[in-house]
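Rule-based calculations on the coordinates, nothing more; no lab input. Predicted, not measured: the structure shown is a model, and the values here were computed from it. In this analysis, Cβ positions are derived from the backbone assuming ideal geometry, glycine residues included, and neighbour counts consider all displayed protein chains.
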Amino acid sequence: MAILNDQPALELQQGNNVPKNNNEAKDEFMAPDINAYGHSFRDYDIESERQKGVEEFYRLQHINQTYDFAKRMREIYVTLDKAEMGIWECCELLNEVVDDSDPDLDEAQIQHLLQSAEAIRKDYPDQDWLHLTALIHDLGKILLLPRFGALPQWAVVGDTFPLGCAFDESNIHHKYFKNNPDYQCPAYQTKNGIYTEGCGLQNVMMSWGHDEYMYLVAKKNGSTLPSAGLFIIRFHSFYPLHKEGAYTHLMNEEDVENLKWLEVFNKYDLYSKSKVLVDVEKVKPYYMSLIEKYFPVKLKW
């Protein structure tokens with residue numbers, strides 16, 4: 001599944017190729033120090049009932065996410081035969097979803113999407129593709145709903161990671177990988193595993209979840225989002241890469257360029273989570289115009 005190469009070029013700040021923040025105002029989005037529970041973001045060690053549930057989630061995920069499982073899920077879902085609906089209709093479906101792997105927020109998912117999108121819109125007003133990418137990046141979580149297979153949480157949400165090579169120690173709760181069947185496969189337990197250095201992330205089998213599913217939906221339905229948008233959708237949960245710097249040996253030049261946009265996006269994806277809710281009806285017309293620009297009216301899911 002290759003990332004599209006014939007997409008619009010993106011404006012980069014001259015000199016260091018870092019995506020440009022067009023908001024010169026003093027009200028630029030600032031990442032907070034604590035989440036909605038008063039704790040540090042992505043703190044997986046603090047003692048709490050929610051953290052215990054998060055750790056149990058990762059125990060199940062690390063045991064069950066195997067190369068063969070991810071391959072089988074792609075074969076099932078690439079057919080896109082579960083539903084036909086528009087992007088905004090799917091956003092509304094997400095009201096039924098709560099992510100058990102997220103230690104930072106337990107609000108309905110549509111609020112997280114809009115919080116991320118509105119924060120990016122404020123700082124990058126000219127990058128409308130990035131606003132829309134933020135809005136839709138988690139839509140694949142509909143896999144939790146009965147209509148789309150009612151997959152268990154460990155097969156839909158949480159951090160993602162490559163399969164077919166060694167599990168890097170930067171993965172959250174790495175200790176549980178020892179009970180994954182792939183851990184016993186010698187071919188999968190070297191740094192490169194079944195891959196070659198610089199092969200490109202498009203050639204790597206990632207753990208199955210909402211990232212991969214939404215990427216398939218966007219690509220197979222002919223979205224005109226730029227390649228960086230598709231990259232963000234597909235790898236925004238790949239925290240071992242964009243937070244810890246692991247698995248970079250598998251990247252090619254296009255991945256390196258797209259990663260710069262993912263790192264920009266991550267600030268808003270992670271730190272915009274808040275108990276302050278967005279007025280959905282107020283912002284809906286703007287996002288409907290972006291959906292019309294980058295997607296067909298109806299999509300296969």
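Computed quantities for the displayed model
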item	result
Neighbourhood net charge (11 Å Cβ-Cβ; Lys/Arg +1, Asp/Glu -1) for GLU96	+1
Among 188-199, 259-270, 109-120, the order from most to least packed when residues are scored by Cβ within 10 Å on average	109-120, 259-270, 188-199
Per-selection metrics, the stretch 129-221 (Cα): Rg and Dmax in Å	15.1, 43
For LYS82, residues with placed amide H under 5 Å, excluding near neighbours	TRP301
Integer Hz, Karplus 6.51/-1.76/1.60 couplings in order for the stretch 226-240, x for Gly and Pro	x, 4, 5, x, 5, 5, 4, 4, 6, 10, 5, 8, 7, 4, x
The stretch 148-301: proportion of alpha-carbon pairs further apart than 27 angstrom, %	31 percent
